[in-house]
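Chemist: The following block contains the structure, expressed as structure tokens.
The values are calculated or read from the model by the stated rules, or taken from the named source; none is laboratory data. Quick caveat: nothing in here was measured; it's all calculated off a predicted structure. For neighbour counting, all protein chains shown are included, and Cβ atoms are generated from backbone atoms with ideal geometry for every residue, glycine included. The accessibility values were calculated without ligands, DNA or RNA, using every heavy atom of the protein model including side chains. Shrake-Rupley method; radii C 1.70, N 1.55, O 1.52, S 1.80 Å.
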Amino acid sequence: MNAVLVLIALLAGGGWLAHRHLPLRVATAAYGIGLLVLGRFAAGALADLVMLAGWAAFLVLVVFNFPDFRRRHVTAPVLAEFRNRLPPVSATEQAALDAGTVWWDAELFSGNPDWSKLAGLPPQRSSAEEQAFLDGPVETLCGMVDEWRIARELGDLPPDVWAFIRREGFLGMIIPREFGGLGFSARAHSAVVQKIASRSGTAAVSVMVPNSLGPAELLLRYGTPEQQQQHLPRLARGEALPCFALTNPLAGSDAAAIPDRGVVCRGTYAGEEVLGIRLDWEKRYITLGPVATLLGLAFQLQDPDGLLGGPRDVGITLALLPTDHPGVEIGRRHLPAGQAFQNGPTQGRGVFVPIDWVIGGRARCGDGWRMLMNCLAAGRGISLPASSTAALKVCARTSGAYARLRRQFGLSIGRFEGVQEALARIARETYAVDAARELTLAALDSHEEPAVVSALLKYQATERMRRAVDDAMDVHGGRGVCDGPSNYLLAAYTAVPVAITVEGANILTRSLIVFGQGLVRCHPQLRAEIAAAADPDHARGLAAFDTAFTAHLANLLANLARTAARNLALGRAPRGPRPDPAYWRAQTDRASATFALLADGALFLLGGALKRRESLSGRFADVLGELYLISAAVTRFEADGRPAADAPLLELVCRDGLAEVERRCDEILANLPSRALGLVLRAFVFPLGRRWRPASDALRCEVATALVESGEFRARLCRGTYVSDDPGDVIGRLEHAVALLAASAPAERKIAAAVRAGALEAGSPELYAAARAAGIVDEAEEAALVRSAAAVRRAIDVDDFEPGELWPALRRRPPVADAA
């Protein structure tokens, strides 16, 4: 047996033993027996050298079987080095790391995900009450709003819309029924926001903010019973309008560094001297701030006189203030990317509030950052993905229909390959993000609080929405550029930077949070190792670190073997002409093992410095994001009953995603600080070179054609959005024109054949009448063609205005010719 086969046998055998998680003594004995058997077949000097290395590894295993010796001579030095390389963790960082739970993200970090965790999720169905709300009040609300009028004329929702939102309970979706709220599931909450956002961004933001990170959720989790009884019923009924103020001009994304200050003191409230806080704050970017009646406020609390009996620097604290309280300043507005939703600054100087206004009361002073981190999953995991998915679905629905209607050079533009590339990307991003949204909602409704997944989804949903909106604008051309009541894209296009920025700017979410926190939270052993290293009891810490470190080594060996074996085999071979979900799961397993191995390699080289290598961390975040979206797409495809029409779309998501995973892994290897380790890892990750390429042109054409030609495909992809069948509606006219065009298609084909035969003149303004006169079409067909042509024209037309309609100053200015 030559040296290569001996090496493969050694690695495969060792990896299999590590993968099986056998007791160390059993694994050592089995490995030794394997060496003895293998030695009988090894031949040649190089093979003998490989066998010598195998026996050296066996001796290491033997040493590890003596715990006292291992701890003293192996684990203790490793622990000392680990402590030296471990960066200090601030209280705010620790709160972020402790927030929420780990879930499928931990499976992907393990290198060997357990797919039964996804298969075991309960079916995603709305209750009868939730569905009735979607079919009733939500549908009614969508029919009431006109985003052009809201943004260009009113600068806010009309009073009757605000009244409807309050009256129907839209502001209390997350508040339990015992307090007068709707008590909706995460799925229903997301569905409501998605449908409204597909119609009006202003209405969606106005509804989603009170139901995400803000007073209601904070009160439900941390409020005292008295605070809950005082505020929650009024919030549920819409009698109180909440906002939450976190961002300070001097502390944007670094929200933990807010300089807003509160000092514990005694003061007068309602004619009595009480213990309270004197507040100074300056906040900006506060959605609903200009019109809110209840202000949630985050600030640094100090207790210089020790009135609380604890430390002088208490820490970040959260309080609720009525906005009519003396000293609270609201009312001024920002104009975020030209959007009309209420957003603005708030200030206060020397504002005294009772200590009872702290959310959770006196006992929660200084606990604000942890409270915020535990509540952040709603905004990141529900609201923003829902609004981003709505924008994606509007892009998919309108771009597919418009590409069917618009003709250039005698062809529907949906038949041009350049347009098909854009349409396929839109469909791919819509399917992947919607699948990830639904999967995350299933986790939330199963009482998971996946903090890393929520951050990942916020980033992926908003970034992919940004790309899809750009593609939709390219497909529409001037139809998307010219603003007016008929433009259904430009509002989404101009609002993109808002979604990218809120709930953590995307640059920092990608480069610092997703992988930086994910590695600590989700790695099978790292968090236990960090806890052991921080244990002040040396003996206890060493014992705990020894357990975690030994498991870490076993997991590393297993991932080495898994990575090599799966990348050599490229996972399970596909069956049939179209790969099935089992094939894509196998490919995800392969990529997960690669990801886990590279994460351990980067951790070994960089230690705590890895969090400062933001470009490297960002690439790991990209890999994790692709793996999560592929997992979600496979899960959705199976949950939908494996519809054959969606199989090309699933394949497009998976092929492009796996190609991106390989590209990012290649970049990680190229940027590791040790070239030698990079080469070693490359041999495991790419033993046969990079194998995945993006999807073929033929597959993209197949998906794009379905989006253009199949109304059923388009409807299934864009499910959950508001759809009007009114030909006068801004999007309804598109669907109306597509239906008429399909009905008149047989007659259109007759005329096209007559033109080719020379019986009719192409481009004639009386073409349809001439066709009828020539007996090519009958009267009914001619009428259908005329109706279709008129509907198409209405669908592709853009708005125009008198100058004074757009710029009032021009009403008083003479025309240029007269002025001259």
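Chemist: Listed residues Phe41, Phe82; which is assigned to a helix (DSSP H, G or I), open to solvent by 40 Å² or more (accessible area, probe 1.4 Å), in contact (Cβ under 8 Å) with a residue 24 or more places away in the chain and not β-branched (Val, Ile, Thr)?
Modeler: Every option except Phe82 fails the conditions.
Chemist: Continuing with the same structure: Quick one: is Gly720 modelled with pLDDT under 90, touching a helix residue (DSSP H, G or I) at 6+ places or on another chain (Cβ under 8 Å), open to solvent by 30 Å² or more (accessible area, probe 1.4 Å) and not polar (S, T, N, Q)?
Modeler: no
Chemist: When Ala564 is evaluated against the numbered criteria (1) surrounded by 18 or more Cβ atoms within 10 Å (Cβ to Cβ); (2) at positive phi, which criterion, by number, is the only one it fails?
Modeler: (2)
Chemist: Can you go through Arg636, Arg663, Arg655, Arg619 and tell me which one is modelled with pLDDT of 95 or more, of a type in the set (D, E, K, R) and within 20 Å of Asp114 (Cβ to Cβ)?
Modeler: Exactly one residue qualifies, and that residue is Arg636.
Chemist: Consider Pro311 against the criteria (1) in a loop (DSSP other than H, G, I, E, B); (2) in contact with a strand residue (DSSP E or B) (Cβ under 6 Å, 6 or more places away or on another chain): it satisfies all of them except one. Which criterion is unmet?
Modeler: Every condition holds for Pro311 apart from (2).
Chemist: Please specify each residue of the stretch 330-345 satisfying the condition of being among the aliphatic types (A, V, I, L, M), open to solvent by 30 Å² or more (accessible area, probe 1.4 Å) and at negative phi.
Modeler: Ile330, Leu335 - these are the residues of the stretch 330-345 that are among the aliphatic types (A, V, I, L, M), open to solvent by 30 Å² or more (accessible area, probe 1.4 Å) and at negative phi.
Chemist: In the stretch 246-286, what residues are free of Cβ contacts under 8 Å to residues at least 12 places away in the same chain and surrounded by 14 or more Cβ atoms within 10 Å (Cβ to Cβ)?
Modeler: Answer for the stretch 246-286, where residues must be free of Cβ contacts under 8 Å to residues at least 12 places away in the same chain and surrounded by 14 or more Cβ atoms within 10 Å (Cβ to Cβ): just Ala251.
Chemist: Give the number of residues within the stretch 322-353 that are closer than 15 Å to Arg261 by Cα and either polar (S, T, N, Q) or assigned to a strand (DSSP E or B) (or both).
Modeler: The number of residues fulfilling the criteria is 8.
Chemist: Mind counting the residues in the stretch 413-464 that are over 16 Å from Ile630 (Cα atoms), open to solvent by 10 Å² or more (accessible area, probe 1.4 Å) and touching a Leu at 6+ places or on another chain (Cβ under 8 Å)?
Modeler: Summing the residues that are over 16 Å from Ile630 (Cα atoms), open to solvent by 10 Å² or more (accessible area, probe 1.4 Å) and touching a Leu at 6+ places or on another chain (Cβ under 8 Å) in the stretch 413-464 gives 2.
Chemist: What's the number of the only condition in (1) touching a residue at least 60 places away in the same chain (Cβ under 8 Å); (2) at positive phi that Gly327 fails to meet?
Modeler: In the conditions (1) touching a residue at least 60 places away in the same chain (Cβ under 8 Å); (2) at positive phi, Gly327 misses (1) alone.
Chemist: Taking into account only those residues within the stretch 724-750 that are surrounded by 17 or more Cβ atoms within 10 Å (Cβ to Cβ) and of a type in the set (A, V, I, L, M), which is nearest to Ser190 (Cα to Cα)?
Modeler: Ile731
Chemist: What pairs come up if the first residue lies in the stretch 523-547 and is under 18 Å from Val89 (Cα atoms) and part of a helix (DSSP H, G or I), the second is of a type in the set (Lys, Arg) and open to solvent by 60 Å² or more (accessible area, probe 1.4 Å), and their beta carbons are under 7 Å apart, counting only those six or more places apart or on different chains?
Modeler: From residues that are under 18 Å from Val89 (Cα atoms) and part of a helix (DSSP H, G or I), the pairs are Ala533/Arg83.
Chemist: Return the residues of the stretch 501-522 that are under 16 Å from Ala602 (Cβ atoms), surrounded by fewer than 21 Cβ atoms within 10 Å (Cβ to Cβ) and among the β-branched types (Val, Ile, Thr); say none if nothing qualifies.
Modeler: Val520
Chemist: Here is a follow-up. Kindly provide the set of residues from the stretch 283-300 that are on the phi < 0 side of the Ramachandran plot and either in contact with an Asp or Glu (Cβ under 8 Å, 6 or more places away or on another chain) or not in a strand (DSSP E or B) (or both), ordered by number.
Modeler: Lys283, Gly289, Pro290, Val291, Ala292, Thr293, Leu297, Ala298, Phe299, Gln300 - these are the residues of the stretch 283-300 that are on the phi < 0 side of the Ramachandran plot and either in contact with an Asp or Glu (Cβ under 8 Å, 6 or more places away or on another chain) or not in a strand (DSSP E or B) (or both).
Chemist: Report, ordered by the first and then the second residue, all pairs with beta carbons closer than 6 Å, sequence separation of six or more or different chains, a first member in the stretch 738-756 that is free of Cβ contacts under 8 Å to residues at least 40 places away in the same chain, and a second member that is not aliphatic (A, V, I, L, M).
Modeler: Listed pairs, sorted by first residue: Ala747/Glu781.
Chemist: Do we find a residue being assigned to a helix (DSSP H, G or I) and on the phi > 0 side of the Ramachandran plot anywhere in the stretch 378-387?
Modeler: Among the residues of the stretch 378-387, not one is assigned to a helix (DSSP H, G or I) and on the phi > 0 side of the Ramachandran plot, which makes the answer no.
Chemist: Among the candidates Ser592, Ser615, which residue alone is outside any loop (DSSP other than H, G, I, E, B), polar (S, T, N, Q) and crowded, with 16+ Cβ neighbours inside 10 Å?
Modeler: Answer to the selection: Ser592.
Chemist: Let me ask something additional. Taking the criterion of being surrounded by 15 or more Cβ atoms within 10 Å (Cβ to Cβ), among the acidic types (Asp, Glu), more than 16 Å from Ile355 (Cα to Cα) and in contact (Cβ under 8 Å) with a residue 24 or more places away in the chain, would at least one residue in the stretch 223-245 satisfy it?
Modeler: So far as the stretch 223-245 goes, no, none of its residues is surrounded by 15 or more Cβ atoms within 10 Å (Cβ to Cβ), among the acidic types (Asp, Glu), more than 16 Å from Ile355 (Cα to Cα) and in contact (Cβ under 8 Å) with a residue 24 or more places away in the chain.
Chemist: Where in the stretch 646-710 are the helices (runs of 4 or more DSSP H), entirely inside, with at least 2 residues that are open to solvent by 30 Å² or more (accessible area, probe 1.4 Å), in contact (Cβ under 8 Å) with a residue 60 or more places away in the chain and more than 30 Å from Ala401 (Cα to Cα)?
Modeler: 675-685
Chemist: Just name the residue that is farthest from Ser387 (Cα to Cα) out of those in the stretch 182-206 that are of a type outside the set (Val, Ile, Thr) and open to solvent by less than 10 Å² (accessible area, probe 1.4 Å).
Modeler: Among those residues, the one meeting the criterion is Ala188.
Chemist: Then there's this: Please find, among Gly541, Gly576, the residue that is at pLDDT below 85, over 25 Å from Gly14 (Cα atoms) and surrounded by fewer than 20 Cβ atoms within 10 Å (Cβ to Cβ).
Modeler: None of the others qualify; the one that does is Gly576.
Chemist: Quick check: is even one residue across the stretch 87-108 farther than 27 Å from Val514 by Cα and either crowded, with 16+ Cβ neighbours inside 10 Å or not acidic (Asp, Glu) (or both)?
Modeler: Looking for residues that are farther than 27 Å from Val514 by Cα and either crowded, with 16+ Cβ neighbours inside 10 Å or not acidic (Asp, Glu) (or both), one finds none in the stretch 87-108, hence no.
Chemist: So, Arg149, is that one buried (at least 24 other Cβ atoms within 10 Å of the Cβ), closer than 17 Å to Tyr722 by Cβ and of a type in the set (D, E, K, R) or not?
Modeler: Taking the combined requirement at face value, the residue does not satisfy it.
Chemist: If you don't mind, another one. Return the pairs, sorted by first residue and then second, in which the second residue is among the charged types (D, E, K, R), the first residue lies in the stretch 465-480 and is over 14 Å from Gly418 (Cα atoms), the beta carbons are less than 6 Å apart, and the residues are 6+ apart or on different chains.
Modeler: Every condition considered, the pairs that remain are Ala468/Glu429.
Chemist: Okay, moving on. Only one of (1) open to solvent by 10 Å² or more (accessible area, probe 1.4 Å); (2) free of Cβ contacts under 8 Å to residues at least 40 places away in the same chain fails for Met173. Which number is that?
Modeler: Checking Met173 against (1) open to solvent by 10 Å² or more (accessible area, probe 1.4 Å); (2) free of Cβ contacts under 8 Å to residues at least 40 places away in the same chain, the one that fails is (1).
Chemist: Which of the helices (runs of 4 or more DSSP H) found entirely inside the stretch 111-215 contain at least 3 residues meeting this: over 30 Å from Cys395 (Cβ atoms) and either small (Gly, Ala, Ser) or touching an Asp or Glu at 6+ places or on another chain (Cβ under 7 Å) (or both)?
Modeler: By residue number, 116-119.
Chemist: Let me ask something additional. Could you count how many residues in the stretch 623-645 are among the hydrophobic types (A, V, I, L, M, F, W, C), open to solvent by less than 20 Å² (accessible area, probe 1.4 Å) and farther than 16 Å from Tyr583 by Cβ?
Modeler: Within the stretch 623-645, residues that are among the hydrophobic types (A, V, I, L, M, F, W, C), open to solvent by less than 20 Å² (accessible area, probe 1.4 Å) and farther than 16 Å from Tyr583 by Cβ number 4.
Chemist: Among the residues of the stretch 400-408, is any more than 17 Å from the chain's Cα centre (by Cα) and part of a strand (DSSP E or B)?
Modeler: So far as the stretch 400-408 goes, yes, one or more of its residues are more than 17 Å from the chain's Cα centre (by Cα) and part of a strand (DSSP E or B).
Chemist: Can you tell me which of (1) open to solvent by 10 Å² or more (accessible area, probe 1.4 Å); (2) within 24 Å of Val78 (Cβ to Cβ) is the one Leu597 doesn't meet?
Modeler: Failed condition: (1).
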